[in-house]
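Everything below concerns the one structure shown next.
The values are calculated or read from the model by the stated rules, or taken from the named source; none is laboratory data. From a predicted model like this one, the values you see are computed outputs, not experimental measurements. Counting neighbours? That spans all protein chains shown, and the Cβs are built from the backbone with ideal geometry, glycine included.
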Amino acid sequence: MPDVPRTPQQDRSRVTRRRLLEAAIECLAEVGWSGSTVAVVAERAGVSRGAAQHHFPTREDLVTSAVEYVSQERLALLRSHAADLPSGPGRTQAVVDMIEQCYTGPVFRAAIHLWVAASSDERLRERVLRLEAQVGRETHRLALDLLGVDESVPGVREAVQATLDMARGLGLANLLSDDGKRRARVLRQWAVMLDVALADARVA
């Protein structure tokens, strides 16, 4: 039987790190901040606590890195689907639907638990504020690109930011109960209004 080539140490380390980050998101979404200790996350990821702490010495390091990592992955995924968006009147609705995806599901649920914990932990709050500012800027830029609008046109920045803020608020409402039907109606109407508001700001 031929020898199986060994995975290089760097590759193994990268795989371990990714498993920890994904496990941290799952734990945060399911059991919240208090239940997402390094030991619990390590067990879910199938690695030792020592290996987890080698990559992330503290719980703050682990969970903030996890939210950042998965947020970046989701933004990259949305950006990769830009070519699939329709052109013409249906595009704004499609973009609004994509933005909604940023604020529903386990990643957003995990972020909410992180926000709540940060509200009473000054050290964690500083890290979360930096993270949210970064993710917020990148989400805003992505929305501008997908909508194909010029931010220098008066009112465009505010209209796009209002879309992001509304999607976040609707995502919060969805945490307590399945709010999909009402959310879909609101987003359909908002897309119509947004299309009108951005009509003069389209990039040729």
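Just a yes or no: is a residue in segment 101-115 of a type in the set (Val, Ile, Thr), buried (at least 20 other Cβ atoms within 10 Å of the Cβ) and within 24 Å of residue 181 (Cα to Cα)?
So the first thing to find is which residues in segment 101-115 are of a type in the set (Val, Ile, Thr), and the list is 104, 107, 112.
Now narrow it down to the ones that are buried (at least 20 other Cβ atoms within 10 Å of the Cβ): 107.
Okay, now just the ones that are also within 24 Å of residue 181 (Cα to Cα), so 107.
Yes; the residues of segment 101-115 include at least one that is of a type in the set (Val, Ile, Thr), buried (at least 20 other Cβ atoms within 10 Å of the Cβ) and within 24 Å of residue 181 (Cα to Cα).
Give the residues of segment 186-204 that are assigned to a helix (DSSP H, G or I) and at pLDDT below 90, sorted by residue number. Write out each step before concluding.
If we filter segment 186-204 for residues that are assigned to a helix (DSSP H, G or I), which is where we start, we get 186-197, 199-201.
199, 200, 201 - these are the residues of segment 186-204 that are assigned to a helix (DSSP H, G or I) and at pLDDT below 90.
The rows are residues; the columns are (1) within 30 Å of residue 61 (Cβ to Cβ); (2) at pLDDT 90 or above.
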residue	(1), (2)
89	no, no
127	yes, no
152	no, yes
158	no, yes
173	no, no
181	no, no
184	no, yes
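Can you tell me which residue among 113, 55, 81 is touching a residue at least 24 places away in the same chain (Cβ under 8 Å) and under 30 Å from residue 162 (Cα atoms)? If you could, list the steps in order and put the result at the bottom.
Details: 55 fails: under 30 Å from residue 162 (Cα atoms); 81 fails: touching a residue at least 24 places away in the same chain (Cβ under 8 Å).
Exactly one residue qualifies, and that residue is 113.
If I ask for residues that are free of Cβ contacts under 8 Å to residues at least 60 places away in the same chain, among the charged types (D, E, K, R) and within 21 Å of residue 84 (Cα to Cα), which ones from segment 151-204 would you list?
Passing the criteria: only 202.
Being polar (S, T, N, Q), within 23 Å of residue 30 (Cα to Cα) and not in a loop (DSSP other than H, G, I, E, B) narrows it down to one of 64, 92, so name that one.
Values: 92 fails: within 23 Å of residue 30 (Cα to Cα).
Every option except 64 fails the conditions.
For residue 128, are the conditions met, namely being of a type in the set (Val, Ile, Thr), without any contact (Cβ under 8 Å) to a residue 12 or more places away in the chain and assigned to a helix (DSSP H, G or I)? Spell out how you get there, then give the answer.
Details: of a type in the set (Val, Ile, Thr): yes; without any contact (Cβ under 8 Å) to a residue 12 or more places away in the chain: no; assigned to a helix (DSSP H, G or I): yes.
So residue 128 does not fit the description; no.
Taking segment 28-47, which residues are touching a Gly at 6+ places or on another chain (Cβ under 9 Å), crowded, with 22+ Cβ neighbours inside 10 Å and under 16 Å from residue 68 (Cβ atoms)? First the steps, then the outcome.
Of all residues in segment 28-47, those touching a Gly at 6+ places or on another chain (Cβ under 9 Å) come to 28-29, 42.
Now drop any that are not crowded, with 22+ Cβ neighbours inside 10 Å, which leaves 28, 42.
If the condition is that a residue be touching a Gly at 6+ places or on another chain (Cβ under 9 Å), crowded, with 22+ Cβ neighbours inside 10 Å and under 16 Å from residue 68 (Cβ atoms), then 28 is the only one that fits.
Of everything in segment 152-171, what is surrounded by 14 or more Cβ atoms within 10 Å (Cβ to Cβ) and either more than 17 Å from residue 135 (Cα to Cα) or of a type in the set (A, V, I, L, M) (or both)? Give them in sequence order.
Of everything in segment 152-171, those that are surrounded by 14 or more Cβ atoms within 10 Å (Cβ to Cβ) and either more than 17 Å from residue 135 (Cα to Cα) or of a type in the set (A, V, I, L, M) (or both) turn out to be 153, 156, 159, 160, 162, 164, 166, 167, 170.
Please enumerate the residues belonging to segment 148-204 that are among the polar types (S, T, N, Q) and touching a Phe, Trp or Tyr at 6+ places or on another chain (Cβ under 9 Å).
163, 174
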